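So the structure is just underneath, and the comments pick up after that.
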Amino acid sequence: MSKPKVAFYWCASCGGCEEAVVDLNEVVLDVVEAVDIVFWPVAMDFKVSDVEALADGELAAAFINGAVRTSEQAEMAELLRRKAGAIVAFGACAWLGGIPGLANLYSRESILEFVYGGSPSVQNGDGGVPQELIDVPEGRMTLPHFDEDVRTLDEVIDVDYYLPGCPPPAGLIAQAVMALVEGRLPEKGLVLAPDVALCAECPRAVTKPEDLKVARFYRPYEIVADPETCLLAQGLVCLGPSTRSGCGAACIAANMPCTGCMGPTSRVIDHGAKALAAIASLIETREPGEIAALSEQIVDPVGTFYRYSVPASLLHRRVGTKGGTATEGAVAHPAPTSTTGGES
Amino acid sequence: MSEQGPEGTFEPRIVAFFCNWCTYTAADLAGISRMQYAPNVRVIRLMCSGRVDPQFVLAAFRDGADGVLIGGCHPGDCHYQEGNYNALRRFELLKRMLVGFGIEEERVRLEWISASEGDRVQKVCNEMTEQVRALGPLRLETVQSVDEGRVAPAPAGEPVGQVTA
């Protein structure tokens with residue numbers, strides 16, 4: 001009875017963060033030993049009313065993954081904020097907006113149009129779109145509102161800690177949970193991961209040339225990368241220099257470049273801009289025409305550098321895509337099915 | 001965020017990052033020579049155009065700039081040898097990234113202006129001001145805490161389930 005109570009919740013996310021908790025394997029038993037999980041929609045049958053019945057602050061911690069896009073997600077976040085002593089933004093989406101945050105490059109209207117009509121894989125006979133309110137003989141039915149913006153968790157509620165990653169690495173999760181359970185509370189606002197760049201823990205760092213220069217950028221499908229050598233030195237756009245470590249260089253171990261899911265270090269405000277600066281500075285040539293040509297080899301700069309952080313960026317969203325006025329935004333930046341599409 | 005001119009007309013707000021050794025000195029020269037140019041440009045002196053972190057440009061837009069101008073030494077003249085080349089490398093990619101965020105590339109400009117080219121500062125500042133004036137104000141959307149389009153949950157009638165179509 002005296003065990004601390006914790007809750008897990010998901011907002012706009014893919015379920016990968018829930019997998020990450022399960023991936024704790026036997027460590028999850030230690031966690032369950034130490035805490036009472038009182039709410040976890042993906043795995044346990046508790047209701048919202050169970051959370052509402054808790055006293056304010058009764059939860060030791062709530063781990064919330066996913067960005068916030070609907071009124072329901074915002075309400076749940078606010079409810080958990082009242083009930084929990086500490087809120088942990090769990091994963092890249094909750095911290096920075098994540099992959100769902102890329103939707104801030106499109107207007108709400110163009111997304112609804114595409115998903116319920118334009119998408120080639122959708123057949124929607126009468127062209128119906130979800131309604132928030134509908135009266136039927138049995139009563140009134142409601143759906144949550146689909147907001148204009150994808151917001152990060154801390155744009156909606158006060159957040160105490162952040163666990164980075166897509167999804168957060170098991171080791172960091174276990175450390176964070178145990179620290180909270182044992183009352184070893186870190187300084188508020190902290191990102192619970194090492195505050196150095198990935199290159200610092202990359203096993204290929206020894207092969208990174210002192211004066212690293214790139215003569216041509218490659219996308220992963222364009223070359224077979226050497227499995228030992230620094231990926232940047234091979235011309236692959238690896239965001240290791242501008243991304244926080246703590247993932248054990250998992251992607252690098254699979255011979256894939258870092259895409260930045262662990263977010264920036266504490267010295268950086270805008271992850272994408274910093275990543276862009278780090279990569280652009282590697283261009284070897286001084287010739288203006290060649291510099292422009294190399295920059296063109298990075299086909300989708302926003303998708304490459306802001307893959308996980310559009311909502312948390314200084315610009316927050318694409319200009320002119322709010323308020324349903326600009327479908328032109330969707331034209332200039334092709335819809336996801338376009339053959340020229342982005343790197344993701 | 002943009003300023004209003006006399007009859008409520010749009011006055012562009014332009015932030016300029018000038019390098020200490022060439023372009024800022026040129027701006028000084030323009031001033032000493034009493035050259036008149038558009039007062040819309042706010043100059044920030046940095047030691048080198050290579051110091052212009054793309055975050056500075058985004059922060060300028062975020063805080064109300066309608067355009068951003070970067071000035072550095074001519075190629076080969078950089079006081080730190082490589083700084084202006086790095087500025088150019090970042091600028092090319094930054095321009096394309098801004099377009100992805102819906103910001104017209106005409107809102108940013110990189111110019112090489114040496115210490116003796118006061119007249120060029122005058123010309124570039126005037127051109128940039130007119131170019132941005134023609135584009136109009138940059139309308140950056142900020143985070144809204146509550147969506148205005150949100151329908152308040154209806155008290156009449158109990159929700160009975162999820163609507164599927």
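Table for the structure above
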quantity	calculated
Partner aspartates and glutamates for A:Lys83 [C-alpha distance under 17 Å; skip if fewer than 8 residues away on the same chain]	A:Asp36, A:Asp50, A:Glu52, A:Asp56, A:Glu58, A:Glu72, A:Glu75, A:Asp154, A:Asp158, A:Asp160
10 Å Cβ neighbours from other chains, averaged over peptide B:99-112	4
Where only C-alpha atoms are counted, convex hull volume of segment B:13-135 per residue in Å³	83
Cα centre as origin, Lys/Arg/Asp/Glu Cβ charges: chain A dipole, Debye	700
Debye intensity ratio in log₁₀ form over the Cα atoms of the protein assembly as shown, taken at each q of 0.06, 0.09, 0.10 Å⁻¹	-0.33, -0.73, -0.88
Average beta carbon contacts from partner chains per residue of B:59-70, 10 Å cutoff	1
Burial ordering of A:Ile269, A:Ile64, fewest other beta-carbon atoms within 10 Å first	A:Ile269, A:Ile64
Over segment A:198-313 - Rg/Rh using Cα atoms and the Kirkwood inverse-distance radius	0.94
Relative exposure of A:Val136, A:Val27, judged by other C-beta atoms within 10 Å (fewest first)	A:Val136, A:Val27
Prolate/oblate/rounded call for segment A:45-160, Cα gyration tensor, a/c under 1.5 rounded	oblate
Cβ-based charge dipole, chain A, positive-most Cα from A:Asn255, A:Ala84, A:Leu153	A:Asn255
Estimated dipole of segment A:198-313 in Debye, rounded to 20 [Cβ of Lys and Arg +1, of Asp and Glu -1, Cα centre]	340
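Every number here is computed from the coordinates shown, using simple stated rules; none is lab data. Nothing here was measured: the structure is a model prediction, and the numbers come from that model. No Cβ is skipped: glycine too gets one built from the backbone with ideal geometry, and neighbour counts run over all protein chains shown.
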